[in-house]
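Have a look at the structure below before the remarks.
The values are calculated or read from the model by the stated rules, or taken from the named source; none is laboratory data. The model shown is predicted, which means the values in this text are computed figures rather than measured ones. Don't worry about glycine lacking a Cβ; one is built from the backbone with ideal geometry, like all the others, and counts go over all protein chains shown. Note: accessible area is taken over every heavy atom of the protein model, side chains too, but ligands, DNA and RNA are not part of it. Shrake-Rupley method; radii C 1.70, N 1.55, O 1.52, S 1.80 Å.
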Amino acid sequence: MYAVWCYPLLLLAGTWKSLVSGDARMEDLLGKTLQYDYKVRYTLEDPANHTAPLSALAQHALSAGLRVSTVWRSPESQFDSLFHIKPFDVQRTSDGLNDLPFIYRVHITSDGRLQTDTFFLNSETDESAQLKRALSRSLGSIYRHIHEESESTASTGHWKVNHCGVLGDLKDNIDYGQGHSRLLMLRPDEKFGQSTEKDCLLTGRENSWNSFRMVESRQLFLPWTETAVHRIKSEILLKETERLTTDAAVLALRGKNFDDTLTLIRRQFKDDTGIFKVETTTNEFASAGLLAAELKSLRKFTLKNKAATPEASRAFLRICTAVKMSTKSELMAALHETLKLKKKQKSSVNFLIDAFAAHQSMVGLETVTEVLDYHQKPYHLELFRRYLVASAFSQTANANVIRKLLELLEKPVKDLALEETLALSLGALTFTLRRNAPEDAAGKELDNLIGREMLRKLENCQKGTDSGVIADCSVMWLRAIGNLGCRETRTQILEHVLRGGRATPAAIKAFRRLDPFAPGSDVYDETVVAIWNVYENSSASFDSTGKIAAVDWLIRMLARVKDVRKIAHLARIIEHIPNLQTDELRTYVMTALQNNGNIIQPNMLRDAFSLAYERSKDSTYAQLGVTGQSVAFEGSLLRTGLLNSTYSLAMEFSGGSMKTSTVGVSLNDKDSTLPIVTFGLFSRGLGSFMGATEESDASETATAGLALELLDVSLPSVVFFNGFSELMSLALSAGGSDPVAELQFNLLTLDAKVNDPLHSGIPVRTDVLTALSLDISGFVQVSLWGRTFNSLVRNRAAIATEIVTKLGHPAADSPFIQNIAERIKGKMDFVTNVDFSSFPVKLCMQMSNSPVAYWRYHKRRSSLPGSPAVSQCSRSFSPGKSYFLGARNAKYCKEMS
């Protein structure tokens, strides 16, 4: 309730317009006290069903009287005045209001800034002082809005206010004192979107307002999913009731001049300290024993339930809350005890480790490193790697934790898998730290320090003698640098882009988090030149995979190219297609241009082809025909008013042998893209095994695996086999029932608290927790006799969201409490079937999702006597679906069925 007196004084400001105008005399102001009635009605609505009118909803009323007396007005300036404000007949005192008077001063500084001061009695409470301080920080700005922006209709006595006044607007007008302006902005966290509708009306005559009414409707929502967090309706009523003779005690505060008046005031009232506290929701549970109790419940849960279910996500949220409130000794005891559990209950350890990673505290890291003997015990090493992977998705990166992980990275790491996990996670964590505090000097220095260490490791890769080992090492560190997104690494990334070889695609991908470089800058121009060079260079060092990475980047770059240059940009890509080395590469580029409708419109592509033909009439455009098996395709999963969810397929063949096959899902709005998940199969050294005729890769070790990216974070790759001996072993033992790779994680994707008062000053505090429970499994079957290769990547996911909104003062029983719980679960399968019994190899890919289940529970309860709790539950399902992956793929699937 940070500004509960704000709108009572909105009306007073209008009345004061006549009282403090230049033609008013000083003696006219003395002895006058204006009295007002002030009422507020407000309610929480069901954000999914907000059609009911305010009068039909259970609501809370706030009521008080207000007496305002003029103590001093400077004759030199109409904006330098002192007022004595006395609340009376205050109802709902549990909301933080009291009837103690305070002094308010508003004036204009010599540089034209609007400034306010407040003075309180020594017996003033912190809660009430915060409310009245909010008044003093906003009253002057509101007066200015009315004074400068109102439109009057003299015949009716009604004034329509163009600007109702927003507390956050004051940040541009008022000097709050050092360190407090950010708190007073009262804006929702950037993770949220907000829509607000307001209607204000003042009534009165003779240049003086005597009543005010405002209706406000506000909604807070999650921008990427459009999930409504809360919807609130409120109404403010203010009316002048009486004009009184000023009390003698108030008149006694007036001195001979302004300074004398301030001296008299300071004998009774103390100067405001300027400290503005934003109240936060207090913990509802005692810490002692909470974690132990939650772990006991979790052990029972994991005996009967699987991962990636809504129940698992909800259980994880409860463990996260308990971990956040526990001491180090409690955390260590919990981890020690959980490690001793029987095999059937071991998954409880995974939940606990994931919760440690979610909160990124030094206490959590110390607990993990002190309890887990990951240098000696393989199972402990597996858990430590799990902690690192889950840490990459934490929303609360901790600089001290990052420094400790950097110390581990600087030391020689014997286990290459651990080093890869540590590097990738450290890069992602540091990126989150910089994103959360982009202007923090210490954070920038830490970012650069980690960037230099990663570049040192990358350079050390070149000291090897085995080209395959060098390439693998370079790819690993470039992926880590890509997660980091540090500007200081740009030059070295460019060097690896231009160096060619297997590391080129990883180097191009490493630019994805350097997008803040604006088109037209030297940095941006150098990057564009380098990637055009990869696409157009005929050197054998730039293989098909590197060129595909380059053309994908150039197509995505269209969003940044000015409209007048888009056609020329596309024409340049088209002009070089006949010069590409293989049919498969030419086919890939053509399908990427034709099947990217979200970026390239058909008329744009047609004009680009015409321009390319005019420029290069001698080129063999017959080679632009789609003759290979490679393909790039993009389709729509779901469209809403603001968002577009898309899926993409990119498949590369070389001489009849599949090299890469990647599927991605992302969310897009008009300005940005949020990658959700990308999983791709890759293979090398299988050309002779499958009868390849082009770009022989006989020198490469036979390798196949799964590359994963989740929420734009590159994760450690999963290798199915490395070498022909492992391939043969897999072929002889493959039954398809057991996964060759399995990743199960619980991630806390959102942990946010929002303090965002209504215009009436009634505080609104919202806590949002969202957990993602994920299970990604990879299955492979190889038949040497039937000469077939089949793979399945199964992605099961569940999301649990808990939203608690409290409307009212945190020190009291809140007038309204709203709980919303949402659960979503679904499964998506990506199947690849390869028949290499004849040439060319036939390949069928299928992507499908099972029915998506959605469940929502909503409950509202009020502290008003006789107000019942209102609750409702709803369930819905969206049908399963198979997705189109291109005409050629559909043809092969039909032939192979």
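Rounded if a/c is under 1.5, else prolate if a/b is larger than b/c, else oblate: which is segment 290-396, with a ≥ b ≥ c the root eigenvalues of its Cα gyration tensor? Rounded, because the longest to shortest axis ratio a/c is under 1.5. Take the Cα of E614, go 7 Å toward its beta carbon, and the backbone nitrogen atoms of segment 545-577 under 16 Å from that spot belong to 564-575. Would you work out if segment 398-533 is rounded, prolate or oblate? Take a ≥ b ≥ c from the square roots of the eigenvalues of the alpha-carbon gyration tensor; rounded if a/c is under 1.5, else prolate when a/b is larger than b/c, oblate otherwise. Oblate, because a/c is 1.5 or more while a/b does not exceed b/c. Between the beta carbons of S725 and H375, assuming R0 = 41 Å, the FRET efficiency works out to 0.90 to the nearest 0.05.
Full-extension gain between T396 and S74, please, as 0.36 nm times their residue separation minus the C-alpha to C-alpha distance.
Using 0.36 nm per residue and subtracting the Cα-Cα distance, I get 110.9 nm.
Mean projection of the Cα convex hull over all viewing directions, computed for segment 740-896: 13.8 nm².
In this rough spin-label picture, where each label sits 7 Å from Cα along the Cβ direction, the T701-Y857 distance is 5.2 nm. Distance between the modelled labels on L121 and E407, one decimal in nanometres: 5.5 nm (7 Å Cα→Cβ projection).
By how many nm would the segment from S467 to R512 grow when fully extended, if each residue of separation counts as 0.36 nm and the alpha-carbon distance is taken off? Working shown, then result.
Details: separation 45, 0.36 × 45 = 16.20 nm, distance 2.63 nm.
The span from S467 to R512 would gain 13.6 nm if fully extended.
Counted by Cβ distance under 14 Å from P716, the other residues give a net charge of -4, where Lys and Arg count +1 and Asp and Glu count -1.
A Förster radius of 35 Å combined with the Cβ-Cβ distance from K881 to A61 puts the calculated FRET efficiency at roughly 0.10.
When the chain is fully extended, how far beyond the present Cα-Cα distance does Q872 get from T327, taking 0.36 nm per residue of separation? Mind showing how you got there, number by number?
Details: separation 545, 0.36 × 545 = 196.20 nm, distance 3.74 nm.
Working it through step by step, the gained length comes to 192.5 nm.
On a 22 Å Cα-Cα criterion, which of the cross-link pairs K343/K414; K300/K340; K324/K753; K342/K827 come out too long? Result: K343/K414; K342/K827 exceed 22 Å.
What does the charge add up to near I85, with Lys and Arg as +1, Asp and Glu as -1, over the other residues with Cβ less than 9 Å from its Cβ? Local net charge: +3.
Listed by chain and number, the lysines whose C-alpha is less than 21 Å from the C-alpha of K239, apart from same-chain residues fewer than 8 away, are K17, K32, K39, K86, K132, K160, K198. In segment 290-396, what percent of the accessible surface is made up of carbon and sulfur (1.4 Å probe, ligands and nucleic acids excluded)? Reported share for carbon and sulfur atoms: 54 percent. For L416 and R243, what does the FRET efficiency come to when R0 = 60 Å and r is the distance between their Cβ atoms, rounded to the nearest 0.05? So the FRET efficiency works out to roughly 0.10.
Report in % the part of the accessible area of segment 740-896 that belongs to carbon and sulfur, leaving out ligands and nucleic acids; probe 1.4 Å.
Details: 3470 of 6370 Å².
C and S fraction of accessible area: 55 percent.
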